[in-house]
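Novice: Input: one structure, supplied below.
The values are calculated or read from the model by the stated rules, or taken from the named source; none is laboratory data. For clarity, every value in this text was computed on a predicted model and none was experimentally measured. Counting neighbours? That spans all protein chains shown, and the Cβs are built from the backbone with ideal geometry, glycine included. For the accessible areas, the whole protein counts, side chains as well, though only heavy atoms, and no ligand, DNA or RNA atoms are used. Shrake-Rupley method; radii C 1.70, N 1.55, O 1.52, S 1.80 Å.
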Amino acid sequence: MRIPRVVLAAPASGAGKTSIATGLLAALRARGLAVSPHKVGPDYIDPSYHALAAGRPGRNLDPWLVGEQRVAPLFLHGALNPRRADVAVIEGVMGLFDGHATRAGFGSTAHVATLLAAPVVLVVDARSAGRSTAATVHGFRSFDPGVRIGGVVLNQVGTERHAEILRAAMAEIGMPVLGVLGRRDDLATPSRHLGLVPAAERAEPARDAVAELGAAVAAGLDLDALLALAATAPDLPAEPWDARAAGLEPAGSPLSMGPRPVIAVAGGPAFTFGYAETPELLAAAGAEVVGFDPTVDEALPAGTSGLIIGGGFPQVHAGALAANAALRSRVRAFAATGGPVAAECAGLLYLSSALDGAPMCGVLGEVTAAMTARLTLGYREAAAATDSVLAVRGTAVHGHEFHRTVATPAAGGAPGGDTQRGAAPAWRWRDAAGAEVAEGFVRGAIHASYLHTHWAGIPGAAHRFVAAARAAQQAEALRAAG
């Protein structure tokens with residue numbers, strides 16, 4: 001299957017990949033093209049800007065989280081939905097060859113470009129260099145012959161004379177220049193402790209920024225040349241990923257009968273982290289997926305039988321979450337009656353008794369959470385520590401951590417687990433020194449953890465959660481019947 005496609009990479013972080021990728025998506029869409037946006041790695045924030053620019057979900061491509069064999073199928077799925085794209089734009093992560101810390105290049109932009117047989121456009125920050133920029137580009141082009149760099153975009157160019165010097169240097173090494181962008185500090189997207197501010201938190205300013213980026217890219221890049229490069233990508237020998245076939249148990253089992261259970265997925269400004277495939281997997285497993293905003297909605301969606309609270313920035317919105325006492329009470333009651341809950345990172349914080357002193361839901365006993373100066377970051381190779389609504393004990397998963405908060409008592413629980421009311425760890429893995437780490441909380445139908453996972457990489461997780469929600473739905477129906 002052939003989808004024209006191009007990867008935007010850079011020598012290092014901070015070169016302007018996200019701004020240029022977002023602007024390119026917007027500029028191509030303004031031409032009337034259907035553009036499919038993708039992001040290498042586990043990032044949640046960049047895809048939120050991609051989605052605004054492209055008018056369709058931003059999707060992640062991470063070989064560590066989903067497995068190498070699913071990267072091309074997931075790419076094709078995104079490129080074909082909601083309709084077939086005319087071109088796909090894949091934004092890289094960090095530097096072109098930066099990947100897993102202990103597996104050279106694994107999960108890097110170069111790795112994904114190779115899996116997709118996609119040409120690469122190198123975004124170069126030329127702010128403090130002239131002819132030397134060509135040496136950088138030449139080194140990147142020759143480092144791995146399996147990665148095809150088809151052109152460069154010169155970013156942060158100071159003057160017309162600077163641009164002439166850079167173009168001449170690229171001509172010396174035979175590297176096509178696909179665009180030149182000057183310095184535009186006014187187009188900077190605001191950041192904070194974990195990266196860019198998510199688009200959902202900025203609303204109208206985010207839409208304005210995307211429009212301005214689109215105009216800047218349309219003026220500074222040769223879109224026809226870039227589209228011609230994207231068209232050189234060959235057919236992909238893969239079938240599109242299908243949520244209906246992603247590890248589901250056979251239809252017709254007892255728990256798959258009856259009305260579709262409602263699964264409520266937290267959203268709004270406090271909970272912006274999630275992968276586009278999660279609701280697709282839930283729907284394919286037989287659920288009705290309904291969103292809600294814990295900062296303003298005072299009740300869970302009608303008929304909620306399962307609750308998913310993903311990542312985000314609840315610490316930024318702790319005041320609004322705390323003020324919504326009605327919803328916090330309903331979440332606590334839902335969990336107390338055995339309703340299945342899956343919470344990741346920010347979700348764990350929301351289920352705690354307090355976050356930076358602000359009252360939260362109190363579902364995890366006396367666990368409290370607080371911001372710290374220390375960043376916990378990295379890929380994890382974990383196994384389910386106990387049976388839960390997501391996995392059978394021993395199930396191997398790949399995930400990642402990305403947070404500056406700590407839970408006290410620590411996730412995993414103190415000996416005896418008294419303050420967690422008998423909670424067991426959710427996951428176990430070994431740290432860089434080889435010591436075992438027990439992380440997260442499982443108590444009954446509650447699964448709360450700092451570990452982010454991609455359910456496309458855990459076949460059966462969505463079905464298992466929907467089955468638990470259906471069981472809760474049936475138990476509620478029996479209670480209501482007396």
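Novice: So what does the Cα-only Debye profile of the chain read at q = 0.09, 0.10 Å⁻¹, as log10 I(q)/I(0), no solvent term?
Specialist: -0.62, -0.76
Novice: Of Val89, Ala104, Val123, whose Cα points farthest to the positive end of the dipole of the range 86-173 (charges on the beta-carbon: +1 Lys, Arg; -1 Asp, Glu; origin at the Cα centre)?
Specialist: Ala104
Novice: Nearest 10 degrees is fine. How inclined is helix 160-172 to the longest principal axis of the chain, computing both from alpha carbons?
Specialist: Computed tilt is about 90 degrees.
Novice: Share of antiparallel DSSP beta bridges in the chain, in percent to the nearest 5?
Specialist: Given both bridge residues lie in the chain, the antiparallel proportion sits at roughly 40 percent.
Novice: Under a point-charge model restricted to the Cβ atoms of Lys and Arg (+1) and Asp and Glu (-1), what is the dipole moment magnitude of the chain relative to its Cα centre, in debye to the nearest 20?
Specialist: In total the dipole reaches around 220 debye.
Novice: Let me ask another. Report, in degrees rounded to the nearest 10, the 0 to 90 angle that the Cα long axis of helix 132-143 makes with the longest principal axis of the chain.
Specialist: Compared with the principal axis, the helix lies near 60 degrees.
Novice: Taking +1 at the Cβ of each Lys and Arg and -1 at the Cβ of each Asp and Glu, which of Val35, Pro145, Ala471 sits farthest along the dipole of the chain towards its positive end, judged by Cα position relative to the Cα centre?
Specialist: Among Val35, Pro145, Ala471, the one farthest towards the positive end of the dipole of the chain is Ala471.
Novice: Using only Cα positions of the range 1-157, each an equal point scatterer, no hydration layer, compute I(q)/I(0) via Debye at q = 0.08, 0.17 Å⁻¹ and quote the log10 values to two decimals.
Specialist: For the range 1-157 at q = 0.08, 0.17 Å⁻¹, log10 I(q)/I(0) is -0.20, -0.94.
Novice: Give me the angle, in degrees from 0 to 90, between the Cα long axis of helix 204-220 and the longest principal axis of the Cα atoms of the chain, rounded to the nearest 10.
Specialist: For 204-220 against the chain, the angle is about 20 degrees.
Novice: Hey, with R₀ at 30 Å, roughly what FRET efficiency would Arg332 and Val392 work out to, going by the Cβ-Cβ distance, to 0.05?
Specialist: Computed FRET efficiency for Arg332 and Val392 comes out at 0.65.
Novice: Scale the Cα Rg of the range 76-115 by the rule-of-thumb value 2.2 N^0.38 Å and send over the ratio, two decimals.
Specialist: The value comes to 1.43.
Novice: Now for a different question. If each DSSP helix of 4+ residues adds -39,500 (n - 2.57) and the sum is divided by the residues in the chain, what number results at 222 nm, nearest 500 deg cm²/dmol?
Specialist: The helix contribution divided over the chain gives -9500 deg cm²/dmol.
Novice: For Glu160 and Arg103, what does the FRET efficiency come to when R0 = 41 Å and r is the distance between their Cβ atoms, rounded to the nearest 0.05?
Specialist: 0.40
Novice: Spin-label point model (7 Å from Cα, Cβ direction): what's the Ala325 to Ala302 distance in nm?
Specialist: With each label placed 7 Å out from Cα toward Cβ, I get 2.8 nm.
Novice: If each residue of separation counts as 0.36 nm, what is the full-extension length gain between Val437 and Ser13 once their alpha-carbon separation is subtracted?
Specialist: 149.6 nm
Novice: Roughly how many Å² is the accessible area per residue of the chain, as a whole number, for a 1.4 Å probe?
Specialist: It amounts to 39 Å² per residue over the chain.
Novice: In whole percent, and with a 1.4 Å probe on the protein chains, what portion of the accessible area of the range 3-59 is carbon and sulfur?
Specialist: Roughly 54 percent, rounded to a whole number.
Novice: Sticking with this one: Give the relative contact order (percent, whole number) for the range 248-405; include only Cα pairs under 8 Å separated by 6+ residues.
Specialist: Across the range 248-405, relative contact order equals 17 percent.
Novice: At a temperature of 20 °C and a viscosity of 1.002 mPa s, determine how fast the range 221-360 diffuses translationally according to Stokes-Einstein, using the Kirkwood radius over alpha-carbon pairs as Rh; express D in µm²/s, rounded to the nearest whole number.
Specialist: The diffusion coefficient I find is 123 µm²/s.
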